[in-house]
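What follows is a set of notes on a single structure, which appears directly below.
The values are calculated or read from the model by the stated rules, or taken from the named source; none is laboratory data. This is a predicted model, so every value here is computed, not measured. Quick reminder, even Gly has a Cβ in these numbers, built from the backbone with ideal geometry, and neighbours come from all protein chains shown.
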Amino acid sequence: MSTDTARNPALSLHDNRLRTQQLLDAAERDTDAVSVFMDGSSAADTERAIFVVKGREHVAYLMALLERQGLLNAAKPVEGNAP
């Protein structure tokens, strides 16, 4: 798993990674199966993170695990609009 943190915790993400496609492109260049983009410098000071999981089997495994743990309801759409 690779992580990408904000230079300044007040920023939500690096300036060049503000759009979904930019995150996916950055993750594609990463050799790990999971890339993590977070708004802090470590898990200890991060309230939000975007995980990009690569590979169908990895995605299916992680989604099933998250559902079993009660952290995901795959049938429910994400609510709210991006600004």
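Remark: pairs (first residue in segment 59-72, assigned to a helix (DSSP H, G or I); second residue of a type in the set (D, E, K, R) and loosely packed, with under 13 Cβ neighbours inside 10 Å; Cβ separation under 6 Å; 6+ apart in sequence or on different chains) are absent.
Residues are listed down the side, and each one gets a yes or a no for (1) modelled with pLDDT of 95 or more; (2) loosely packed, with under 11 Cβ neighbours inside 10 Å; (3) of a type in the set (A, V, I, L, M):
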| position | (1), (2), (3) |
| --- | --- |
| A6 | no, no, yes |
| N16 | no, yes, no |
| D25 | no, no, no |
| S42 | no, yes, no |
| A49 | no, no, yes |
